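Encoded as C-alpha cells, the structure appears first; notes follow it.
What follows is calculated from the coordinates using simple rules that are stated; it is not laboratory data. Note that the structure is a prediction, hence the values are computed from the model and not measured. Positions of Cβ are backbone-derived with ideal geometry, glycine not excepted, and every protein chain shown enters the neighbour counts.
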Amino acid sequence: MTDLIATLNEEQARAVTLPAQHALILAGAGSGKTRVLTTRIAWLIQTGQVTPQGVLAVTFTNKAAKEMQARLAAMLPVNPKAMWIGTFHGLCNRLLRAHHREAGLPQLFQILDSADQLAAIKRLLKTLNVDDEKFPPRELQHFINGQKEQGVRAAAVDAFDDFTRRRVALYAEYEAQCQREAVVDFPELLLRTYELLSRNEPLRHHYQRRFRHILTDEFQDTNKLQYQWLKLLAGGEEGEAPACLFCVGDDDQSIYRFRGAEVGNMLAFEREFKVPNVIRLEQNYRSCGNILDAANAIIANNTQRLGKELWTDRGEGEPIRVYEAFTDGDEARWLVDEVQALVRDGMLRSDIAILYRANALSRGLEHQLFSAGVSYRVYGGLRFFERQEVKHALAYLRLIANPDDDTAFARVVNFPTRGIGARSLEALQDAARTYNSSLYATVSHLSGKPRASIGAFVQLIETLRNATASLPLPEAVDHVLDQSGLRAHYESQKEKDGRERLENLDEIISAATNFVAESEAPEPDVAHPLLADFLAHASLEAGDHQADATDDAVQLMTVHAAKGLEFDAVFLCGLEEGLFPHENSLMETDGLEEERRLMYVAVTRARQRLYVSLAQSRMLHGQTRYNMRSRFLEEIPEALTKWLTPRTSGGQMQARPAYFTPSPAAPRRPAVAARAPGRDLGGLRIGQNVRHARFGVGVIVAAEGSGSDARVHINFGAQGVKWLLLSVAKLDPV
DNA sequence: CAACCTGCGGCCACT
DNA sequence: CCGCAGGTTG
C-alpha cells in the first residue's frame with residue numbers, strides 16, 4: 001500500500017489520503033484521475049476506515065466501472081464484485097430489483113432503451129389519436145426525459161401555456177402506460193430509485209448507514225437528479241454523520257449538457273457541503289508538451305471555467321500534423337496510408353485511434369480501411385443489442401419474462417408474419433384501452449378472426465415460456481430462436497443481410513453464455529434463471545462486448561465515446577465548420593463552448609502524435625458540402641503545428657496535395673468540376689474562399705446563371721449562407 | 001394481408 | 001444517403 005502511494009505525485013497522494021471528509025478533486029485530462037479514485041478506495045479499505053461493503057463508487061460508463069473493478073482487484077485481496085461499483089443506471093437497476101415491491105414494480109420489469117422509448121411514445125400518440133405533426137414523438141421524448149432528469153413528475157410540472165399543458169398531459173399518459181406495461185426508461189431508473197429512497201425511511205436509513213464513502217467519477221457530467229440522488233444517499237439527517245462524498249471531475253471535459261448534465265453541480269457541491277478539501281490535479285502524464293499546449297490554447301477561449309492549466313515534464317514532443325484534403329475520400333485515403341506507415345514503424349494498431357464528431361463519418365473511413373486490409377474496430381454507432389434482428393429476438397424473451405411489455409408485443413406479434421395485420425392490431429389496441437390492460441392480457445376479450453390469429457401468438461409465447469422455464473439461459477435463447485420462427489425467417493431471406501443476421505442471432509447465444517459465466521450462480525429451481533438480468537444487461541450495455549481489446553485493430557469512435565481513453569496516435573478528422581463545431585450547436589446557448597470542450601477532450605486523448613485533418617468538400621447526407629476550416633483549428637497556435645499540405649491562407653485554392661493517391665477504380669478529379677463544368681465566374685471557382693465587405697470570409701458552394709445574371713451561393717459560416725449576384729457583390733479572393 | 005414502391009423528412013453526441 | 005410512413009398492387 002505504501003508502495004502504491006509512493007508512486008503518486010504530491011497532489012495525488014494528498015487526495016488519496018485525505019481524512020474522512022467531503023472532497024472535490026478537479027482533475028485535468030490525463031492527470032491520473034482513475035488512479036486516484038481507485039487508490040483512494042484501496043487506501044480507505046486497507047487502513048480499516050471502511051469495509052468493502054461500505055463503499056459506493058459511481059461512474060457514467062460501463063467501461064469505466066469495469067476498469068475500476070479490475071484495478072481494485074489487482075490492489076486488494078477482496079472480491080471487487082462485493083463492492084457496489086457501477087454506473088448510475090446499473091446501480092439503480094440493482095436497487096430496484098432488490099426492492100421492486102416497495103418501488104411499485106414487478107420483479108421482472110423491463111428496461112426501455114431510447115429506441116424502445118420512442119416506439120412506446122409513438123404507440124401512445126396513436127392510441128390517443130394525437131396529431132404527431134403537432135407533437136413530434138422525438139420532441140416529446142426529449143421533453144419527458146428533460147423533466148425526469150430534473151426530478152419532476154408530470155403532476156409537478158409548471159405549465160403556463162396550453163401547449164405545455166398538452167405535453168404534460170401526454171407525459172402523464174406515458175407514465176401510466178409504462179406502469180401498465182411494467183417498463184422503465186433510462187431516466188425513470190434514477191427517478192424511481194430517488195423516490196423510493198426519499199419516501200421509504202427505513203430503506204433510506206439502511207443504505208445511508210451502509211455506504212460510508214461515496215465516490216463519483218466524471219462529476220461534471222451529473223444532472224440535477226443524479227446530484228440529488230447522491231445527496232440523498234449521503235444522508236446526514238437528524239444529527240447522523242453523513243457519508244463522505246469524494247467527487248472527481250473536470251469542468252473542461254463537461255460534454256453531456258445535451259442530456260441534462262449541469263457543470264454547476266461542482267460549484268453547488270462545494271458550496272452546499274462546505275467542502276473542506278478542494279484539490280487540483282494539473283500535472284499531465286499522458287501527452288507531450290505540444291499536444292498539451294494546443295489543448296490549453298483551445299480551452300482558454302472558453303469564458304466559463306473554474307480555471308486550471310495542465311503541464312507536463314515530458315518535453316514538447318512532436319508537432320501537431322495538419323492535413324487539408326480536397327475531398328472526404330482523399331482525407332480517408334491519406335489517413336489510411338499514414339496509419340499503415342505508423343504500423344510499419346512498429347506502432348500497434350490498437351494504439352491508434354480515429355476520432356470524429358459524428359458517427360456518419362465512420363462509413364467512409366471504414367470503406368478505405370477495409371479496402372486497404374487494415375483491421376479496425378468501430379465503437380458506438382449501431383450497437384449489437386440495437387440491431388433489428390437482435391431486438392426481435394430479445395422481444396420474445398421479454399414477453400416470456402413480462403407479458404405486459406406492449407412494446408415487445410407490438411414488435412413481434414407479426415414478425416415473422418403470421419397474418420396479423422393492421423386491422424387486427426387496431427381491434428386489439430381498442431380493446432386494451434377499454435379494459436385498461438396490456439395487449440397480451442386483452443387477447444382473451446377479442447372475438448372473431450383477430451381472436452384466432454393473435455390467440456395463436458399468445459399460445460406460442462405461453463408454450464415458449466413453459467418449455468424454457470427450467471433451461472439454462474443459452475439453451476432457452478436457442479429454443480426461442482428456433483420456435484419463434486426467427487431463424488427460419490432469416491434463413492429464407494435471399495438478401496445477403498440474412499447471413500449476417502443469422503450470425504448475430506447465434507451471437508446472442510454466445511452473449512448469454514458469457515453472461516451466465518460472469519454471473520453468480522442463480523438460486524436453483526428458479527424459473528427462467530438470469531433471464532431478467534440478462535435483458536437488463538442488454539439494455540444497459542448495448543454491446544460493449546465488441547470492445548474486445550485482444551486483437552490488434554485500429555479504433556474508430558466518436559469523440560464522446562473516446563472520453564476517458566488514450567492512444568499513442570490520434571487522428572481527429574472532419575475539422576470543418578458545421579461539423580465540428582456542429583452547426584446545430586451554434587443555435588444553442590453556450591453550445592459553442594460545449595463544442596470547444598469536446599475539442600479539448602479530443603486533443604487530450606493523444607499521447608505522442610496528434611493528426612488533425614479536414615476536407616474542402618465532403619459528401620454528407622447525400623449531398624456535397626463545402627465547409628470552411630474549423631475555428632478550433634485556427635485556435636491552435638501555428639508554432640505547434642506542421643502542415644502536411646500547403647496552408648491555404650491568403651491565395652488561391654491549394655495546389656494538389658503532395659500526398660495524393662489516385663484510386664484506380666475511380667479516377668480522381670475535383671468534385672467541383674462535375675458540378676459546374678466550365679462555368680465562368682469571373683475568375684472564381686466553387687470551393688474557393690472569398691471575402692465580402694459585410695459578411696466576412698466565406699466559401700463558394702454553388703453557382704448558377706451566367707453573364708450579368710451569374711449568382712453564387714456562399715457559405716459565410718456563422719453569418720449564414722447567401723446567394724449573391726456577381727455583378728453586384730464585391731468579392732475578393734482570399 | 002403482404003410485398004413492393006415511392007416520396008418525404010431527418011441528419012450530433014449516449015446511459 | 002437512409003429509413004420510414006403511406007399508398008398501391010397482387
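Entry note, chain A: the mean residue ellipticity at 222 nm calculated from DSSP H runs of n ≥ 4, each adding -39500 (n - 2.57), is -13000 deg cm²/dmol after division by the residues and rounding to the nearest 500.
All distinct Cα pairs of the stretch A:76-173 go into the 1/r average, and the inverse of that average, the Kirkwood radius, is 15.9 Å. For chain A, DSSP calls about 30 percent of its internal beta bridges antiparallel.
Give the residues of the stretch A:332-353 whose amide nitrogen is closer than 14 Å to a point set 7 Å from the Cα of A:Thr61 in the direction of its Cβ. Within reach of a label on A:Thr61, which here means backbone N under 14 Å from a point 7 Å along Cα→Cβ, the stretch A:332-353 contributes A:353. Under 5 Å between amide hydrogens, built in the peptide plane, is the criterion, and for A:His528 it picks out A:Ser470, A:Leu471 among residues at least 5 positions away or on other chains. Rg and Dmax over the alpha-carbon atoms of the stretch A:40-115 stand at 14.7, 46 Å. Count Lys and Arg as plus one, Asp and Glu as minus one, and take only other residues whose Cβ is under 12 Å from that of A:Thr641; the net charge is then -3.
For the stretch A:531-633, averaging the sequence separation of C-alpha pairs within contact (under 8 Å, six or more residues apart) and dividing by the residue count gives a relative contact order of 33 percent. Looking at chain A, the pairs of alpha carbons with a distance over 37 Å make up 49% of the total.
Expressed in nm to one decimal, what extension gain is obtained for the pair A:Gln459 and A:Lys122 from 0.36 nm per residue of sequence separation less their Cα-Cα distance?
Result: 118.6 nm gained on full extension.
Each peptide among A:633-641, A:512-520 gets the average number of other Cβ atoms lying within 10 Å of its residues, and from highest to lowest they stand as A:633-641, A:512-520.
Remark: spin-label model distance A:Leu565-A:Met587 equals 3.0 nm, labels positioned 7 Å along the Cα→Cβ axis.
The order of the peptides A:592-599, A:25-32, A:126-133, A:615-622 by mean Cβ neighbours within 10 Å, most packed first, is A:25-32, A:592-599, A:615-622, A:126-133. So what's the projected area for the stretch A:235-312, the Cα convex hull averaged over all directions, in nm²? Mean orientational projected area (the stretch A:235-312, Cα hull): 6.9 nm². Orientation-averaged projection of the stretch A:269-357 equals 9.2 nm² [convex hull of Cα atoms, one quarter of hull surface area]. Every pair of different Cα atoms in the stretch A:173-330 enters the Kirkwood calculation, which places the hydrodynamic radius at 19.3 Å. For the stretch A:167-220, a crude dipole built from +1 on the beta carbon of Lys and Arg and -1 on the beta carbon of Asp and Glu, taken about the Cα centre, is about 400 debye to the nearest 20. The HN-Hα couplings worked out from phi for the stretch A:367-379 by the Karplus form 6.51 cos²θ - 1.76 cosθ + 1.60 (θ = phi - 60°) are 4, 5, 4, 5, 5, 7, x, 8, 6, 8, 9, 9, 9 Hz, whole numbers, x standing for Gly and Pro. Under the simplified labelling scheme, the A:Arg314-A:Gln388 pair shows an inter-label distance of 4.5 nm, with each label point 7 Å from Cα along Cα→Cβ. Out of all Cα-Cα pairs in the stretch A:114-246, roughly what percent, to the nearest whole number, are more than 19 Å apart? In whole percent, the share of Cα-Cα pairs in the stretch A:114-246 beyond 19 Å is 56.
Of the residues A:Val130, A:Leu91, A:Asn79, the one whose Cα sits farthest towards the positive end of the charge dipole of the stretch A:74-141 is A:Asn79 (charges of +1 on Lys and Arg Cβ, -1 on Asp and Glu Cβ, taken about the Cα centre). For the pair A:Ala6 and A:His445 in one chain, pulling the backbone fully straight at 0.36 nm per residue adds 150.9 nm over the alpha carbon distance.
For the stretch A:438-455, the Karplus equation 6.51 cos²θ - 1.76 cosθ + 1.60, evaluated at θ = phi - 60°, returns couplings of 5, 4, 4, 6, 7, 3, 5, 8, 7, 9, x, 5, x, 4, 5, 6, 6, x Hz by residue, with Gly and Pro reported as x. Assuming charge only on the beta carbon of Lys and Arg (+1) and of Asp and Glu (-1), the dipole of chain A about its Cα centre is about 1140 debye to the nearest 20.
In percent, what relative contact order does chain A have, based on Cα pairs under 8 Å that are 6 or more apart in sequence?
Value for chain A: 15 percent.
In a shell of Cβ-Cβ distance under 12 Å around A:Phe716, excluding A:Phe716 itself, what net charge do Lys and Arg (+1) and Asp and Glu (-1) give? Net charge in that neighbourhood comes out at +2.
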